[in-house]
Amino acid sequence: MLKTRGYAAEGPTSTLAPFDFERRELGAQDVLIEILYCGVCHSDIHQARNEWGNSIFPMVPGHEIVGRITQVGSGVTRFKVGDLGGVGCFVDSCRVCQSCKEGVEQYCEGHLVATYNGTEKDETTPTYGGYSSQIVMDENYTLKIPTNLPLEGVAPLLCAGITTYSPLNRFKVGPGQKVGVVGLGGLGHMGVKLAVSMGAEVTVFSTSPTKEADARSLGAHHFVVTKDPQNLEPLANKFDFILDTVSAQHDVNMYLNLLRRERVMVLVGGPEKPLELASFSLITNGRSLVGSMIGGIRETQEMLDYCAEKNITSDVEVIPIQQINEAYERTIKSDVRYRFVIDMKSL
Ligand SMILES: [Zn+2]
Ligand SMILES: [Zn+2]
């Protein structure tokens, strides 16, 4: 077994602290990745604090992983020692269900092996995430990382990037479309960059007026402060697509009302409690409210290649791992522009 250092939460009320554990030995299809950077996703916090009620402790969070491949199994063909490798929100899946066969493994109908807070294919051994020195990965679930982008800014693409790219791609956002992005946090700022890069006219909806300058520097064309609902009235029935990235309680109806006929709003955030939906928000104009969860391996690779071509990365604040607990508090207060990324050299 491979001795590995990490940071873990021992329980829902404990802070993260150093934690030693073991990774499996490499199989024929496996690569060993020395982790260089790991992003801090809001779902790390939800899960470390058992806010979704399904936590397994001790927990080593982290599913926005970029690193260097230091060893490869005998059967590995896609990677060699020295290559960069990336890991997103899952490290394996059943491989035989319809979703896996169609390359949308995130919706695996069998056992999706979450990068952390999950179990390996044996459904017993806990998985540990990227707040750690190294990870053993099947090459087929390892992403190729572009070499022309700063790696700390690439790490958050593995969750925040694909979570926003996938619905923009699925609903064919493009030139001439009016797109709304609700919330300007880790997900929202990627949504803005990606939607702008696809040629859409982008409006950011935010509760904090202080984010207007940032929104515009990310490329947004318009900025609307949502504290006063009157600001939204002139925008009713004007939008082609809305990406709702908010993970706190909020009113989805006021955004649904902005959609034109038969257009779509996508939820990608995960508030703890159910949202209130007025039927008429959908019935009027025949609108749709849909969800989207990360992306499959193929689409995640496509997103990384797209970001390499368009020179898109996440705006990040790099921290040593010793500041992780403070980073959690600041993430909750939206006091980060726009993603914390751990420099794993500090471990
Ligand atoms: Zn995430
Ligand atoms: Zn499957």
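The values are calculated or read from the model by the stated rules, or taken from the named source; none is laboratory data. The structure presented is a predicted model; accordingly, all values stated were derived computationally and were not measured. Glycine gets a Cβ as well: all are built from the backbone with ideal geometry, and neighbour counts include every protein chain shown. We work out accessible area using only protein heavy atoms, side chains counted, and drop any ligands, DNA or RNA first. Shrake-Rupley method; radii C 1.70, N 1.55, O 1.52, S 1.80 Å.
When the listed pairs Lys238/Lys333; Lys227/Lys333; Lys3/Lys101; Lys101/Lys144; Lys211/Lys333; Lys101/Lys178 are checked against a 24 Å cut-off, the alpha-carbon distance exceeds it for Lys238/Lys333; Lys3/Lys101; Lys101/Lys178. Taking the Cα atoms of the stretch 100-179, the ratio Rg/Rh between the radius of gyration and the Kirkwood radius comes to 1.02.
The heavy atoms of Lys144 present about 80 square angstrom of accessible area, all protein chains included, probe 1.4 Å.
Seen from Leu259, the other residues with C-beta closer than 11 Å to its C-beta sum to a net charge of +4, counting Lys and Arg as +1 and Asp and Glu as -1.
Semi-axes of the equivalent ellipsoid of the stretch 277-323 are 35, 19, 12 Å, computed as sqrt(5λ) over the eigenvalues of the C-alpha gyration tensor in descending order.
Using only Cα coordinates, the Kirkwood hydrodynamic radius of the chain works out to 20.5 Å.
Extension gain for the segment Arg261 to His221, taken as residue separation times 0.36 nm less the Cα-Cα distance, is 12.1 nm to one decimal.
Count Lys and Arg as plus one, Asp and Glu as minus one, and take only other residues whose Cβ is under 14 Å from that of Tyr328; the net charge is then -2. Taking a ≥ b ≥ c as the square roots of the eigenvalues of the alpha carbon gyration tensor, the stretch 165-305 is rounded, as a/c is under 1.5.
Computed from the C-beta positions of Leu277 and Lys310 and an R0 of 35 Å, the FRET efficiency is 0.50 to the nearest 0.05.
Accessible area per residue was computed with a 1.4 Å probe on protein heavy atoms; Glu152 scores about 60 Å². Taking every C-alpha pair closer than 8 Å and separated by at least 6 residues, the mean separation divided by the residue count of the chain gives a relative contact order of 18 percent. Heavy-atom accessible area with a 1.4 Å probe sorts Met1, Met198, Met344, largest first, into Met1, Met198, Met344.
The label point for Val96 and the one for Phe21, both projected 7 Å from the Cα toward the Cβ, are 2.7 nm apart. In the context of the full set of protein chains, residues of the stretch 39-144 present 37 Å² of accessible surface per residue (probe radius 1.4 Å, heavy atoms only). Computed from Cα positions, the angle between helix 186-197 and the longest principal axis of the chain comes to roughly 70 degrees. With the simple model of a label 7 Å out from the Cα in the direction of the Cβ, Ser346 to Glu302 spans 3.6 nm. Positive contributions from Lys and Arg (+1) and negative ones from Asp and Glu (-1), summed over other residues with Cβ under 14 Å from the Cβ of Asn140, come out at +1.
In the stretch 81-235, Cα pairs under 8 Å separated by at least six residues give a relative contact order of 15 percent. Taking all protein chains together and a 1.4 Å probe, the residues Arg216, Arg287 rank Arg216, Arg287 from largest to smallest accessible area. Measuring nothing but protein heavy atoms, the accessible surface of the chain at 1.4 Å probe radius is 51 percent carbon and sulfur. The stretch between Thr124 and Arg78 holds 13.7 nm of extra length on full extension. This uses 0.36 nm per residue minus the Cα-Cα distance. In the stretch 191-304, Cα pairs under 8 Å separated by at least six residues give a relative contact order of 19 percent.
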